[in-house]
Amino acid sequence: MLAGPQCLACAQTPMFASAPSLSSSLNPKSSALGYITLPPNPNKPSSLSKWSFALKASTLGAGADLSAGLGRHLAHRGSVNSLEFNYPFSIDGVTYDSQFYLRSGGLSLDWLPLHNGLRISPGVLYVKNNLSAISSVPPGKYFELGSQGFINSVDDPLNGTASVVFPRRIAPMLTIGFDRLLPGKGEGRRLSFPVEFGVAYTGAAKIDVTLNGTACTSEGCFTFEENAGAQDSLKAEIQKLNHRLEKLPVYPIASAGVTYRF
């Protein structure tokens, strides 16, 4: 009586045994335990694709950025900037043949809230910017220091030095930029063109000026560095210039460049 059902079960066994397993049909290299191994996602960025390198020109000088992703919405970025250039200018008749030295480095945390290239970046900036200049007045020309007017000597014209320094070496900064530092899903492009704007709180720059030589007023000519009234006028001029600089306690940041994503 039991032989029939047993033979039916025996006849069905080869059918199940010969059927290919789900794991082997999906992946011929799947393990004998029958686990399914899914193929890798070709659109998923590798760890190297989270890195980017940028060359840029900015108000801080010529520079370079290196960025690494921290997730879908964050990246951290390091930057270095450097530039030297001459810029002559004149204030109240005194000519400054200046040499600017721009040196800085920064660290930023880039927040990408919308994945459309917009980034908001708080950070810190190490600033070593300064200006050195040769100060002079053309021979025989009129100039002012403070509220006092002078005529420069022809035989012994005024000359001296000037310098500008920033009081804070470490400055907090905040910038807003537009660029895809981290590639979006399915993107194959590696180049982009970032722009960025912001400020760094460096404190107001300070200027100092020295003048030597001979100057004249209606009362006669005198050696400038030895005349107390002339030195008081020079101090008043320096105070006036620094008062103007006090209105700019932040350093403006604007940059544009090209980014390559690895």
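The values are calculated or read from the model by the stated rules, or taken from the named source; none is laboratory data. As the structure is a prediction and not an experimental result, all values here were calculated from the model. Cβ coordinates were reconstructed from backbone atoms using ideal geometry, including for glycine residues, and neighbour counts include every protein chain displayed.
Side notes on the structure shown:
- Residue count for the range 208-221, restricted to those that are closer than 16 Å to GLY160 by Cα and free of Cβ contacts under 8 Å to residues at least 60 places away in the same chain: 2
- Residue match in the range 134-141 (condition: basic (Lys, Arg) and either over 14 Å from LEU211 (Cβ atoms) or at pLDDT below 90 (or both)): no
- Residues in the range 65-97 that are aliphatic (A, V, I, L, M), under 30 Å from VAL258 (Cβ atoms) and assigned to a strand (DSSP E or B): LEU66, ALA68, LEU74, ALA75, VAL80, LEU83.
- Boolean, LEU125 is of a type in the set (A, V, I, L, M) and assigned to a strand (DSSP E or B): yes
- Some residue of the range 129-148 being under 18 Å from MET173 (Cβ atoms) and touching a residue at least 12 places away in the same chain (Cβ under 8 Å): yes
- The range 142-184, residues that are modelled with pLDDT of 90 or more, over 19 Å from LYS56 (Cβ atoms) and hydrophobic (A, V, I, L, M, F, W, C): PHE143, LEU145, PHE150, ILE151, VAL154, LEU158, ALA162, VAL164, ILE170
- Long-range neighbours under 6 Å by Cβ, at least six apart or interchain, first residue of a type in the set (A, V, I, L, M) within the range 62-76, second exposed (fewer than 15 other Cβ atoms within 10 Å of the Cβ) and in a strand (DSSP E or B): ALA64/LEU55; LEU66/PHE53; LEU66/GLY78
- Residue within the range 125-144 that is surrounded by fewer than 18 Cβ atoms within 10 Å (Cβ to Cβ), over 30 Å from CYS221 (Cβ atoms) and of a type in the set (Val, Ile, Thr) present: no
- Checklist (1) within 37 Å of the chain's Cα centre (by Cα); (2) over 18 Å from ILE91 (Cα atoms); (3) of a type outside the set (A, V, I, L, M) applied to ASP155, failing item: (1)
- Test result for PRO138, within 24 Å of ILE207 (Cβ to Cβ) and in a loop (DSSP other than H, G, I, E, B): yes
- Scope the range 60-81; condition surrounded by 15 or more Cβ atoms within 10 Å (Cβ to Cβ) and under 17 Å from MET173 (Cβ atoms); matching residues: LEU60, GLY61, GLY63, ASP65, SER67, ALA75, HIS76, ARG77, SER79, VAL80, ASN81
- Residues that are touching a strand residue (DSSP E or B) at 6+ places or on another chain (Cβ under 8 Å) and on the phi > 0 side of the Ramachandran plot, drawn from the range 124-159: GLY140
- Restricting VAL199, VAL137, VAL127 to residues that are of a type outside the set (Asp, Glu) and in contact with a Gly (Cβ under 7 Å, 6 or more places away or on another chain) narrows the list to VAL137.
- Qualifying residue in the range 185-201 (condition: of a type in the set (Phe, Trp, Tyr), modelled with pLDDT of 90 or more and in a strand (DSSP E or B)): yes
- Filtering the range 184-205 for residues that are of a type in the set (A, V, I, L, M, F, W, C), in contact (Cβ under 8 Å) with a residue 24 or more places away in the chain and more than 30 Å from GLY117 (Cβ to Cβ) leaves a non-empty set.
- Residues in the range 236-255 that are touching a residue at least 60 places away in the same chain (Cβ under 8 Å), surrounded by 15 or more Cβ atoms within 10 Å (Cβ to Cβ) and under 25 Å from VAL80 (Cα atoms): TYR251, ILE253, SER255.
- Filter result for SER233 (buried (at least 16 other Cβ atoms within 10 Å of the Cβ), more than 24 Å from GLY63 (Cβ to Cβ) and at pLDDT below 95): yes
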